[in-house]
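Working notes for the structure below.
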């Protein structure tokens, strides 16, 4: 617990992005980039301070309005939340720098990017800090609308359709979640996690079980878990590249985080091995189906988007590997799942950044036309390759650490079938990553122009990809924070 | 603390009306009709909120739920119709 | 059965009804109506269960006020996008879905 | 649904969805009929703390004090919906969509002040009886729509600087007061003697901006397809 | 008190990572270098190679004086990155560092004026980084890490030319090696689950596990050997190697002699000796199957080599065969066989790199790619042809070349291990080696030269048969092939080092 004099970054993590988002809105269309970058730099500092405080002083709560749960709303930060806040800041800052260069090169769809991105980041932080089920609902909606606004911002037919599909999916998901919350409030008279957890444990009523099912279904839909992934590829693949990066790297992690938190904490007395196996099965389906579809894509960004569908699958392998098994296996599984969330955030942001760079370079989104990239924008291609290393789960990368931990948990708990899925998934990932890389090596066809890519775009993506690698080499730190 | 009214025939009728208007709003192929039925549904919801001793929600439901949402939906239906008229005229 | 519980049960039914409409109807306006019905159902469950012992509970009422505003915000955005789609594609249907015969027609036309 | 399945969808899927929804309704009923006695009851706590909240109406107390943080984020959601609409590239409406209809102008002139008055009452009443910023904002929005239709207000689709400031003002004020609470030790913590005044300030700001935002939700949509011969503007 | 090494300033633990970084950092710098900065690129390359050699020299000196060079870094709970310079590691590190220097020089000459050199040399350096990491890996996790890095960094080199044929070869290479990597990963994690993190230690450390895990350990062994066996080109996992010969000659040298197949073979050595322990592996009946697979590979590779007309393809099949001598030596239960296998790791590298350099010279200088085109080349390019001849005799195992030493110890080892059938394998293999190398030598020296060389790229000038950077490396490695054979008894020879290793692995072994 910090002393009262000590600076508490927790509320500022929410206030700050809200403030700069509002200011960016007031500034007007296309304005606010510098404000956003400054805000995000400050946010990174805040997240680091908070992580340090949590590491030193343990989890803590902040009673909004001074009332305290259950009457008021509590914010809560523990290791997992602190990690997610860090992930948000670490990914959002380079993407903002990237976006500044990107929207200078192609202004379409960038008019209201900055305020929308600000609200998105605020929603993420608010969600990661929330300890109140209804407050979580509001943050989910805030996040969903910001994401939809960003998706539709490209303004063409495909983008608007993708945005609508995304909106309906996300509303359906939060609707199911809200009904679950209503049932829990009805059963136990509170929406505060701290109050509800012991109440559910003491009397796991059928309402709570149904609430679990509704929350799981809603979050699976929002996380685009197979077979609810239908909305994701058009949205992530069709949006402007910085938007794709934010959506794929961060937004889907929010609903996954929520599910993980409730699964491990609130619903722990209710979850069953068969439910966990079902989630794992869907995860396995996501890995195989998403990878297979990524392989047959002809558009670069669609390939990357389907890769997200596949990578989400690994997140959901956490549930069967952490439910009903030995404590060591469960710990490894949770560590692996969180590591996967973090490394996918970095790698997928980098990969979308690189894809955007390549598209700017060759002027179109077509894998077959990438010839000559290797010679002309080597840094961007290198970024794509490094991000690919993480997604394939090759060492030394965060993706590898994640896979190592998950495989460890699978072998430890004797669930060899997930081992097969993960190994095959890794090979399929290699297949689709190299499908892009190999197109880049042959020389450009005569007549193909290769445009310059702004340096800010190349280096910010590269920094993210390197982050994914460093996470593999220095994963012990984040895992120590997770243990808090 | 406000006590709720007693349960009665009125509530059953209201429930049936709510379910019926919702069903019709969702099943009607004619979207103008569907929208009007949805507004009716909203107003019936306001009654239900009144029965549940929630006067704030009554106001909000009437002004926002039925009112604003209904107006937005009607506006959209207007667009659809104008669009179709334009298309028909182009086709002529 | 208390009044609160009765309306909560009704809310459950409305939620299921709205859900079916949201999934099954291809027309976007119908989907949006479905979403609103679904939301109303969830709100009824929240307030109804909250007052199932006969005492009105201001907390879920305030939550529902918040929920209604959120729902209208989402509806407005959805409708704006749907109208934009109409402008761009001539239809208010997501790609891949087809209207049934008679839908999006005036019954009297 | 009306028994006929969608043209593009197989009968099996339709019936599966119907079955799923019926199953959900059944499960909900079963779960609700078998509820435990709640371990926590909030109405008592609300009543106990009402005095310290700065308002007399419990729902307003919850909305703007006990759970004021939800409301703060909810305003952001509203602002965001408008932003999303703007971002989706809606075409600007013509400056006076219905033309210079003198009837409408006269009506708007007469009605708008009245509506502002009603909004003001609802806002003030919210402190001790049903009503408050949202309802008041909705009334203001209706006035805004009316004025816009009569051509007295500028277009929303590409809001100018002044309009943007006005749209954001309510939220910004709320945000500032929330941050001010940190000097009291917690986000949104009002100093007790001035809680009522602060809530009134927030509500006034909100009513004003909400009215604009809600009107914007209605007015920022794309233009009706225009035709040369229609009564509208070119 | 042991004398202080030269590296007074650097803590011992930092030397292994420095060796890794000595090629990694120049590699990354080169990657971002403008194509036209030839001088800076060459400087970076050579500075990296020389710095690496210097650091290795320090460590060789230190290991002789009982310094310990171990670097540890916790990556995950219970999982450490360990870089360790022990005797076995230094054998491989020295080999690859020395050959890297030669290959770099050769590549600079070979790629003169070719496009995309920054990319090439960048990945080239990363590739050697990975090899050095494989060599100094102190546990299976670290080994796997660098093993996969090796796969990734060699792929761009294989497809460097971007031709459809090269892309196909690259595809095949990736398919094989990534699948192998997956098997290795599963085996590694399984083993971590059974035994926790086990460092590579002489004599292995699994013997202490409870007896009921024997079945699992056999399965893990199969996974691990299959995983490293892909790179070691054990039949039937060898399919990628002959196809990969489309890569530029320096890359072939890298694949066949310095890095890739060596990493696989080295992996077999580590797994058998320092994870399982040779005695424990024998007690689990794992050695005989390994010996059988190695024997089949030796014979199969030689048979396939016979029928190849493409010179590099013939050499590639020869590699399939020759690398398995290492696996065979490992599988022979006894220190003499171990000496034969371990020393062949070095010997095969020196000999095979000579052959590939020469094949590259024939192709680059005269445009000759096929065995049937080599008539009379000995007169036009006597130095290259002589180097090739020495390498070929080494492969056959003729005294006094390096290959003779290897085969001699392998034969003795077979007798010691009471596996006389291995002698027959060696004999047959030697005959086949002769059958596919001697005709080449015959063409080089005894067939008349054609009237002109229609595809001649590099004319003979001032007494140099080809460009200097192409000629000097094969001559030097050919000389080394003779030297390590002639001076095998010296205390500085690879053989002596191999004996030291064998002595440590069999420390507790009483015959």
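The numbers here are math on the coordinates, done by the rules we state, and not lab data. These numbers were taken from a predicted model, which means no experiment stands behind them. Virtual Cβ from ideal backbone geometry, glycine too; neighbours counted across all protein chains shown.
Please work out the FRET efficiency for the pair residue C:89 and residue B:87, using the Cβ-Cβ distance as r and a Förster radius of 22 Å; give the result to the nearest 0.05.
Between residue C:89 and residue B:87 the formula returns 0.95.
Where the centre of each part is set by its Cα atoms, how far does segment E:63-89 sit from segment E:424-483, in angstrom?
Cα centroid of segment E:63-89 versus Cα centroid of segment E:424-483: 41 Å apart.
Could you tell me the distance between the Cα centroids of segment E:307-368 and segment A:413-452, to the nearest Å?
That distance is 32 Å.
Could you give the length gained on full extension between residue A:273 and residue A:368, defined as 0.36 nm per residue of separation minus the Cα-Cα distance, in nm?
My answer for the length gained is 29.7 nm.
How far is it, in nm, from the label point at residue E:415 to the one at residue E:438 when both lie 7 Å from their Cα along the line to the Cβ?
2.5 nm
So if R0 is 51 Å, what FRET efficiency would residue D:118 and residue D:182 give, r being the distance between their Cβ atoms, rounded to the nearest 0.05?
Efficiency, from the Cβ-Cβ distance: 0.90.
With just the Cα atoms of segment D:121-215, tell me how far they stretch along each of the three principal axes, in Å, largest first.
Taking the Cα atoms of segment D:121-215, the three principal extents are 46, 31, 13 Å.
Could you work out the relative contact order of chain C? I mean the mean sequence separation of Cα pairs under 8 Å and 6+ apart, divided by the number of residues, in percent.
30 percent
Quick one: angle between helix A:157-188 and the longest Cα principal axis of chain A, in degrees between 0 and 90, rounded to 10, please.
The helix A:157-188 is inclined about 10 degrees to chain A.
If I model a spin label as a point 7 Å beyond the Cα along the Cα-Cβ vector, how far apart are those points for residue E:112 and residue A:202 in nm?
Going from the residue E:112 label point to the residue A:202 one covers 8.7 nm.
Ratio to report: Rg/Rh of the protein assembly as shown, with Cα atoms as the point set and Rh obtained by the Kirkwood method; give two decimals.
Rounded to two decimals, Rg/Rh equals 1.06.
Can you sort D:209, A:413 so the residue with the fewest Cβ neighbours within 10 Å comes first?
If I rank by nearby Cβ atoms, fewest first, I get A:413, D:209.
Please label the shape of segment E:267-373 as rounded, prolate or oblate, based on the square roots a ≥ b ≥ c of the eigenvalues of the alpha-carbon gyration tensor (a/c under 1.5 means rounded; beyond that, a/b larger than b/c means prolate, else oblate).
prolate
Got a sec? How would A:445, E:279, A:331 order by Cβ neighbour count within 10 Å, fewest to most?
Taking fewest neighbouring Cβ atoms as first place, the list is A:445, E:279, A:331.
So how tilted is helix A:33-57 from the main axis of chain A? Cα-based, degrees 0 to 90, rounded to 10.
On a 0 to 90 degree scale, this one is about 40.
So, R0 is 60 Å and r is the distance between the beta-carbons of residue A:483 and residue E:451; what FRET efficiency does that work out to, to 0.05?
It comes to 0.15.
Just want the ordering: B:32, A:400, D:208, from fewest to most Cβ atoms lying within 10 Å of their own Cβ.
B:32, D:208, A:400
Over what distance in Å are the Cα centres of segment A:286-331 and segment C:30-61 separated?
For segment A:286-331 versus segment C:30-61, the Cα centre distance is 36 Å.
Rank-order C:89-96, E:352-359 by packing density, defined as the average count of other C-beta atoms within 10 Å over each peptide's residues, highest first.
In descending order of packing, they fall as E:352-359, C:89-96.
Given an 8 Å cut-off on Cα distances and at least 6 residues of separation, report the relative contact order of chain A as a percent.
It rounds to 16 percent for chain A.
How big is the equivalent ellipsoid of segment A:27-70 along its three axes, where each semi-axis is √(5λ) from the Cα gyration tensor, reported in whole Å from largest to smallest?
30, 18, 5
Give me the one-decimal nm value for the distance between modelled label points at residue A:455 and residue E:307, 7 Å along each residue's Cα-to-Cβ direction.
5.8 nm
Once the Cα atoms of helix E:260-269 and of chain E are each reduced to a long axis, what angle between those two axes, in degrees from 0 to 90 to the nearest 10, is obtained?
The answer is roughly 30 degrees.
How shielded is A:151-162 by partner chains, expressed as the average number of their Cβ atoms within 10 Å of its Cβ atoms?
The mean count of partner-chain Cβ atoms within 10 Å per residue comes to 6.
Where the eigenvalues come from the Cα gyration tensor of segment E:366-511, what are the semi-axes √(5λ) of the equivalent ellipsoid, largest first, in whole Å?
Here the semi-axes work out to 38, 19, 10 Å.
How high is the relative contact order of segment A:272-484, in percent, counting Cα pairs under 8 Å that sit 6 or more residues apart?
Worked out over segment A:272-484, it gives 28 percent.
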